Amino acid sequence: MATTCALCRRVVPDERIDDSQVVQEHHLRPEERATSPTVMLCRPCHDQIHAQFANTELRDKYDTIESLRSADRLTGYINWIRGTNKLDISVATSDHVRERS
């Protein structure tokens, strides 16, 4: 069954899910994993979220898919990724996250 990424809304067809990590579960409240609601994300979106936001920010400000989708730091990325079929991207942790870690 194809999976739709909750963030970028791209559909990942079954034939592209030969790697079990292509679609990943994201805990919306990462430091509360046992009780956190989750969403399914494509690997690039999951990687990008964790490169752009510290866990405290995710917990305090971005604990819904709607808040993530509307985050200024992700706007350009979401617009770009929607136009690709990439399931692997190279990300670098932002200075903003490094300073908070």
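With contacts taken as Cα pairs under 8 Å and at least 6 residues apart, the chain reaches a relative contact order of 28 percent.
Please report, to one decimal in angstroms, the Kirkwood hydrodynamic radius of the chain built from all distinct Cα-Cα pairs. The partial results should precede the final answer.
Values: mean 1/r = 0.0720 Å⁻¹.
Mean inverse Cα-Cα distance, inverted, gives 13.9 Å.
Given only helices, namely DSSP H runs of n ≥ 4 each adding -39500 (n - 2.57), what is the per-residue ellipticity at 222 nm of the chain, to the nearest 500 deg cm²/dmol? Only helices count here, giving -10000 deg cm²/dmol.
Values quoted throughout were computed directly from the atomic coordinates according to the rules given, and no laboratory measurement underlies them. Here the structure is a predicted model, which is why all the values come from computation and not from measurement.
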